[in-house]
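Structure, as structure tokens:
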Amino acid sequence: MANSRKLRFEYVKNFEQPDVLLPSTWIVVRIDGRGFHKLSDHYSFVKPNDRRALDLMNRAAVEVMKDLPDLCIAYGVSDEFSFVFHPNSQLFERRNGKLVTTIVSTFTAYYIYLWSEYFPSTPLKPPYLPSFDGRAVVYPNIRILRDYMSWRQVDCHINNLYNTTFWTMVLQGGMKNTDAEQELKGTVSADKNEILFKRFGVNYNNELEIYKKGSVLYRQYELEEPKATQIDQEPQPSVENQSRSQQDKIRKLRRKAQVVVDHVDIIKDEFWERRPWILSGTPGKLPV
Ligand code: DGT
Ligand code: MG
Ligand code: MG
């Protein structure tokens with residue numbers, strides 16, 4: 001009886017659509033804070049950069065990296081974070097929905113759990129509760145993955161230079177928001193650097209690296225001497241050729257490594273050449 005009922009209803013399973021991401025590609029899951037313009041105002045985030053807010057984002061992202069050893073690198077700026085899975089990753093059979101929702105909910109859970117450490121005097125209160133959206137995009141090779149990462153870091157630079165100049169004009173220069181905005185329209189980087197330096201004695205180069213470069217998270221092994229650029233050296237062997245026990249061993253080695261938060265250039269080759277394990281997927285030497 002129960003069994004025939006089960007059969008009668010079970011057809012609904014056929015409505016579920018497969019959402020497996022392409023094999024052997026880099027999977028980037030980017031999450032972004034929902035309505036953080038309002039949320040940052042409500043909890044009085046410092047303008048243009050709130051160190052506590054960025055540190056909290058980074059802490060939550062470190063916990064996500066520790067939770068998911070298949071992640072090889074993550075990059076964060078403002079209210080967003082990009083998490084990168086190696087092409088060899090078979091986590092959740094590479095199902096889009098499982099990957100994105102797991103990252104979004106793990107990140108959000110830690111963000112809320114750790115909030116009071118970073119904002120002890122402004123407790124979270126509805127309706128201003130932090131939430132994040134997320135999406136997965138796959139990239140076919142290292143060159144395009146690196147272009148994606150470079151795109152995010154260039155975006156960080158452009159936005160930070162603009163925001164630093166704008167808020168210096170408003171907060172130090174006493175200008176109205178609309179006037180500062182008007183004056184900055186059509187300016188290039190050099191103009192903004194000059195406004196900061198000539199009018200306010202601010203040298204943009206001396207701003208904190210975390211603001212200028214964003215945050216790069218990866219597993220730390222011993223740095224290596226730069227070798228030839230790996231841009232077209234795709235990782236080998238693919239996971240189809242790796243046994244279960246090999247994969248488990250690699251996962252264990254990844255868990256042993258410390259996840260570090262760095263604020264460095266990821267556009268040039270040097271970062272990648274000195275940390276070949278990020279793109280190769282093969283763990284390096286643990287520092288002694
Ligand atoms: P969305 O993502 O479409 O739901 O909308 P928003 O409001 O989250 O917009 P988005 O993601 O384009 O921009 C991020 C906002 O978060 C931006 O309005 C400034 C704010 N925000 C992020 N980090 C900081 C910070 O450190 N200090 C301050 N004051 N605001 C920040
Ligand atoms: Mg947002
Ligand atoms: Mg954003």
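Considering only segment 48-77, state which residues are within 16 Å of ligand 2 (Cβ to nearest atom) and within 20 Å of Ser116 (Cα to Cα). Explain how you work it out, then say what you get.
So the first thing to find is which residues in segment 48-77 are within 16 Å of ligand 2 (Cβ to nearest atom), and the list is 48-50, 53-54, 56-57, 60-61, 75-77.
Matches in segment 48-77: Asn49, Asp50, Ala53, Leu54, Leu56, Met57, Ala60, Ala61.
Could you list all residues from segment 74-94 that are within 16 Å of ligand 3 (Cβ to nearest atom) and not in a loop (DSSP other than H, G, I, E, B)?
Of segment 74-94, the ones within 16 Å of ligand 3 (Cβ to nearest atom) are 74-83.
Once the filter is applied, which keeps residues that are within 16 Å of ligand 3 (Cβ to nearest atom) and not in a loop (DSSP other than H, G, I, E, B), segment 74-94 yields Ala74, Tyr75, Gly76, Val77, Glu80, Phe81, Ser82, Phe83.
Within the set of pairs 6+ apart or on separate chains, which have a first residue in segment 48-75 that is closer than 21 Å to Trp151 by Cβ, a second that is among the acidic types (Asp, Glu) and within 12 Å of ligand 1 (Cβ to nearest atom), and C-beta atoms under 8 Å apart?
Met57/Asp79
Looking at Tyr118 and the list (1) more than 16 Å from ligand 3 (Cβ to nearest atom); (2) under 16 Å from Arg34 (Cα atoms), which single condition is not satisfied?
(2)
Hey, among Leu56, Leu39, which residue is assigned to a helix (DSSP H, G or I), in contact with a Gly (Cβ under 8 Å, 6 or more places away or on another chain) and within 16 Å of ligand 3 (Cβ to nearest atom)?
Leu39
Please indicate, with yes or no, whether at least one residue in segment 40-63 is more than 13 Å from ligand 1 (Cβ to nearest atom), more than 19 Å from the chain's Cα centre (by Cα), surrounded by fewer than 18 Cβ atoms within 10 Å (Cβ to Cβ) and acidic (Asp, Glu). Can you show your working first?
Looking only at segment 40-63, we keep the residues that are more than 13 Å from ligand 1 (Cβ to nearest atom), and these are 59-63.
Now drop any that are not more than 19 Å from the chain's Cα centre (by Cα), which leaves none.
No, segment 40-63 contains no residue that is more than 13 Å from ligand 1 (Cβ to nearest atom), more than 19 Å from the chain's Cα centre (by Cα), surrounded by fewer than 18 Cβ atoms within 10 Å (Cβ to Cβ) and acidic (Asp, Glu).
Which one is farthest from the chain's Cα centre (by Cα), of the residues in segment 1-30 that are farther than 17 Å from Arg95 by Cβ and of a type in the set (A, V, I, L, M)?
In this case the residue turns out to be Met1.
Only one residue in Phe83, Phe36 is of a type in the set (A, V, I, L, M, F, W, C) and near ligand 1 (Cβ under 8 Å from one of its atoms). Which one? Before you say what the answer is, go through the steps one by one.
Working: Phe83 fails: near ligand 1 (Cβ under 8 Å from one of its atoms).
Just one listed residue meets the conditions, Phe36.
Please go through segment 154-200 and give me each residue that is among the hydroxyl-bearing types (Ser, Thr, Tyr) and in a loop (DSSP other than H, G, I, E, B), ordered by number. Walk me through it before giving the result.
So in segment 154-200, the residues among the hydroxyl-bearing types (Ser, Thr, Tyr) come out as 162, 164-165, 168, 178, 187, 189.
Answer for segment 154-200, where residues must be among the hydroxyl-bearing types (Ser, Thr, Tyr) and in a loop (DSSP other than H, G, I, E, B): just Thr187.
A short reminder: the numbers here are calculations on the coordinates, not readings from a lab. Every value quoted in this text rests on a predicted model; they were computed, and no experiment measured them. FYI the Cβ positions are ideal-geometry reconstructions off the backbone, even for glycines, and counts take in every protein chain you see.
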